[in-house]
Structures are given as C-alpha cells and as structure tokens.
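The values are calculated or read from the model by the stated rules, or taken from the named source; none is laboratory data. A quick note: this is a predicted structure, and the numbers were derived from the prediction, not measured. Here Cβ is always computed from backbone atoms with ideal geometry, including for glycine, and neighbour counts include all displayed protein chains.
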Amino acid sequence: MKILVTGGAGFIGSAVVRLAIARGHQVVNVDALTYAACLENVASVAEDPNYAFEHADICDAAAMARIFEMHRPDQVMHLAAESHVDRSIDGPSAFLQTNVIGTFTLLQAARAYWDGAGRPDAFRFLHISTDEVFGSLPDDPSVKFTETTAYDPRSPYSASKASSDHLVRAWHETYGLPVLLTNCSNNYGPYHFPEKLIPVVILTALAGRDLPIYGDGSNIRDWLYVEDHADALLRVLEAGQVGRSYNVGGENERTNLDLVKTICAILDEMRPKQSGSYADQITFVADRPGHDQRYAIDPKRIRDELDWRPSVTVDEGLRKTVRWYLDNTAWWQALLDRDGVGTRQGINA
C-alpha cells in the first residue's frame, strides 16, 4: 500500500512515517518544512526504497495535483497542521491558512485524483484532528469526550481544526470522498518539538531555569504516547468504517502539576542535580487566555470496533521520553534557535 502522509517531518507525522515504513508500506512524505518540522525525524528511513519526500505546501494546489498524479497513492493520511495553541493566540492567520485553506486544497486535490482514477474502492482520506475541538470538560471523571460530543472550540487553534473537521465531513457527504477522522488527546514522546509542555519542562529543568506552570497547574490532560498514536492511526486507516470518526486517547489523565512533578522525579533519578530536586524550580505563571480545564477521551469506539488500546502508560512513556531527550542532545539543541522557541507566547490577547 502506498500512503501519502502530509506533515511527515513533524512530530506525529514522522512517527507515522517511521511505523508505516517498518510495516512494509510505501510512503510519500509531503511537508512544507515550516519552523516545527525537522527532516532528522525521518532520517532513519530516508534511504529506504519505500520512502519518498516532497517539499511542498498543502496550500499549493498545483503542487498537490502534481504530487497525486506523480505518486498515485492508495491512501492519504493528513497530519500537516499548525498546532501550538499559544502561537495561535498571537498569530491566528497562519492557523487558518494551513489548517483550513490547506485542508480544503488537499481535499480538492484528493477528490480530483480519486475521480480521475475511477473512484477506487480502497482509497481512503484519513484526517487527523484533536480533542480540543470539543472544548473543556468538568472535573468529573465520569464525563469524557465521545465521537458525538458537540464541538465547542475555545482557541484559534482548536477553531481552525474544528473547521477542517467539518470540511472533511462535508466532502464525504457532498462528493462521496471516502474519509475517516480521528480526534486524539495530547501526544508526547521522542522528537516532540521543544515548545510543547513536556519537552519544555525537560529542557528547562536541565538548563536550571524556572519551570513555568500556567495558573495553579490543575488543568487536566489525557496523555497519549506518540508511537501508540501512530499505531492507532494505521489501524483506523486499515479497518475503520468510511465516514466514521474515532477518538484516540491514552487513558492517562494527569493534572499539569502532577505531570511536571513526575518529570522532575524522573530527572532526579536519571540526571541528578548536585543538590536539591528539579521540582524546586517549579514556578506558577499567568494562565493562558481561554485555557481549557480538562480533556479526556472515551475510547470505547476504537476499542470495541477496531480492537485498539494504548500500550504505554504515562509513567512508562515519560521515562522513555526523558531518556530519549537525555540521549539526543544534538537533535533538540539544533532547534532551540528557531523562531519563538523558548519564549512565552499567547499572552498578548
């Protein structure tokens, strides 16, 4: 099977590319190589005969048409997106351009290609989205996001992803394009760009600086190890029902404060300080505007229909992640000088 993966040089996309190649699939990686992309993420498969790379922007209709015609993929996995909530608060236009216009452009290219190929039965367009489109949950463990939860996005990022979800569903209903959708919880793991919470905590702790926690740290997230997520996405692509959405969760809820304390404890063990604990560096800062209180996914549909569950607990995954960052200094060091990395964003609302 030949899979066209958009955003395959990013965090989740590169995990998908590496796993798909390992399973014998052909992969065409389409990436614009914006600030958060890194070809080092796929260096381990770059010379594989089943791998091809196309440097292109999904907003470029001519480039998308050329890539579909040249590579003739059997299926599409759409992961290319602007994804950092804080950046979306300061600069929403880039999120609308990539996440909305880019998704529209890709859908049009996929539809033209599918129509031109005689509408093959096996063709699939899998759109990967986020649980943030559902808004915020109360602090009640019995209440979780399901596939029928009403959309209630609260940030420019989540609004742009909600828009793209609606476009994908519309192209299925209106044009018959065979689509699948997934909405995932917070990802973490190796190759996570160093502006998201977990890598920021690891690298800031190692640098000896204050560890900033928004508000009082009580916000709750469900954490999904990125390699588990890649496995789930391939499972949805292979066996999911056309037109259906699947929520992918890690079944690992933690408050931000508890998460940071766990990372500090792991660092105390793996790279102890000369005195004290990394937790001594924790400091509380002004909260993000519109910060959702809690996300949690009910994974019943993907578990029951596709027999998929996460294999990594948050404690296991955090240990793997901290170890990876300690062992891969050259990878993250090269990214720290990129635009905006290491500075607080999302406070100019």
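For (1) touching a Leu at 6+ places or on another chain (Cβ under 6 Å); (2) farther than 30 Å from Asp315 by Cα, each residue gets a yes or a no:
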| position | (1), (2) |
| --- | --- |
| Asp121 | no, yes |
| Asp131 | no, no |
| Asp140 | no, no |
| Asp152 | no, yes |
| Ser160 | yes, yes |
| Leu180 | yes, yes |
| Phe193 | no, no |
| Pro199 | no, no |
| Ala207 | no, no |
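Go through segment 261-312 and give me each residue that's part of a loop (DSSP other than H, G, I, E, B), within 21 Å of Trp223 (Cα to Cα) and polar (S, T, N, Q). Full working, then the answer.
First, pick out the residues of segment 261-312 that are part of a loop (DSSP other than H, G, I, E, B): 271-277, 286-293, 295-296, 298-299, 307-312.
Next, from what is left, pick out any that are within 21 Å of Trp223 (Cα to Cα): 287-288, 290-293, 295-296, 298-299, 307-312.
Those that are part of a loop (DSSP other than H, G, I, E, B), within 21 Å of Trp223 (Cα to Cα) and polar (S, T, N, Q): Gln293, Ser311.
Can you run down the residue pairs with Cβ atoms below 9 Å, 6 or more apart or on separate chains, where the first is in segment 160-176 and assigned to a helix (DSSP H, G or I) and surrounded by fewer than 20 Cβ atoms within 10 Å (Cβ to Cβ) and the partner is among the acidic types (Asp, Glu) and modelled with pLDDT of 95 or more?
Tyr175/Asp115
To keep it simple, each residue is scored yes or no on (1) closer than 17 Å to Lys196 by Cα; (2) among the small types (Gly, Ala, Ser); (3) touching a residue at least 24 places away in the same chain (Cβ under 8 Å).
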| site | (1), (2), (3) |
| --- | --- |
| Pro289 | yes, no, yes |
| Lys300 | no, no, yes |
| Trp308 | no, no, yes |
| Thr313 | no, no, yes |
| Gly317 | yes, yes, yes |
| Trp324 | yes, no, yes |
| Trp332 | yes, no, yes |
| Leu336 | yes, no, yes |
| Asp339 | yes, no, yes |
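Identify, from the list Met77, Met64, the residue that is surrounded by 16 or more Cβ atoms within 10 Å (Cβ to Cβ) and over 22 Å from Gly240 (Cα atoms).
Criteria check complete, one pass: Met64.
Out of (1) over 27 Å from Arg338 (Cβ atoms); (2) not in a strand (DSSP E or B), what's the single condition that is false for Tyr157?
Of everything listed in (1) over 27 Å from Arg338 (Cβ atoms); (2) not in a strand (DSSP E or B), Tyr157 misses just condition (1).
Find all pairs meeting these conditions: Cβ atoms under 6 angstrom apart; at least six residues apart or on different chains; first residue within segment 133-149 and without any contact (Cβ under 8 Å) to a residue 24 or more places away in the chain; second residue assigned to a loop (DSSP other than H, G, I, E, B).
Taking only residues 6 or more apart or on different chains, not a single pair turns up.
Which condition number does Ala207 fail, the rest of (1) in contact (Cβ under 8 Å) with a residue 40 or more places away in the chain; (2) surrounded by fewer than 22 Cβ atoms within 10 Å (Cβ to Cβ); (3) closer than 26 Å to Val341 by Cβ being met?
So the condition that Ala207 fails would be (1).
List, please: which pairs have Cβ atoms under 8 Å, are six or more places apart or on different chains, and start with a residue in segment 69-92 that is farther than 17 Å from Gly118 by Cα and end with one that is among the basic types (Lys, Arg)?
Note: pairs meeting the criteria are Ala81/Lys161; His84/Lys196; Val85/Arg288; Asp86/Arg288; Asp86/Arg344; Ile89/Arg288.
Inspect segment 237-250 for any residue being of a type in the set (Asp, Glu), at pLDDT 95 or above and buried (at least 20 other Cβ atoms within 10 Å of the Cβ) and give the result as yes or no.
To start, the set of residues in segment 237-250 that are of a type in the set (Asp, Glu) comprises 238.
From what is left, the residues that are at pLDDT 95 or above are 238.
Checking which are buried (at least 20 other Cβ atoms within 10 Å of the Cβ) leaves us with none.
No, the conditions are met nowhere in segment 237-250.
Quick check on this structure: which one of Val168, Val143, Val242, Val133 is more than 30 Å from Trp331 (Cβ to Cβ), out of contact with any strand residue (DSSP E or B) (no Cβ under 8 Å at 6 or more places or on another chain) and not small (Gly, Ala, Ser)? Talk me through it step by step, then tell me what you get.
On the way: Val168 fails: out of contact with any strand residue (DSSP E or B) (no Cβ under 8 Å at 6 or more places or on another chain); Val242 fails: out of contact with any strand residue (DSSP E or B) (no Cβ under 8 Å at 6 or more places or on another chain); Val133 fails: out of contact with any strand residue (DSSP E or B) (no Cβ under 8 Å at 6 or more places or on another chain).
Every option except Val143 fails the conditions.
When only residues in segment 313-335 that are β-branched (Val, Ile, Thr) and part of a helix (DSSP H, G or I) count, which is farthest from Leu39 (Cα to Cα)?
The selected residue is Val314.
Counting only residues that are crowded, with 20+ Cβ neighbours inside 10 Å and aromatic (Phe, Trp, Tyr), which one in segment 80-114 is nearest to the chain's Cα centre (by Cα)?
So, considering only residues that are crowded, with 20+ Cβ neighbours inside 10 Å and aromatic (Phe, Trp, Tyr), the one nearest to the chain's Cα centre (by Cα) is Phe95.
Restricting to segment 88-139, name every residue that is assigned to a loop (DSSP other than H, G, I, E, B) and within 17 Å of Ala32 (Cβ to Cβ).
Step one: of segment 88-139, the residues assigned to a loop (DSSP other than H, G, I, E, B) are 91, 117-123, 135-139.
The one that is assigned to a loop (DSSP other than H, G, I, E, B) and within 17 Å of Ala32 (Cβ to Cβ): Gly91.
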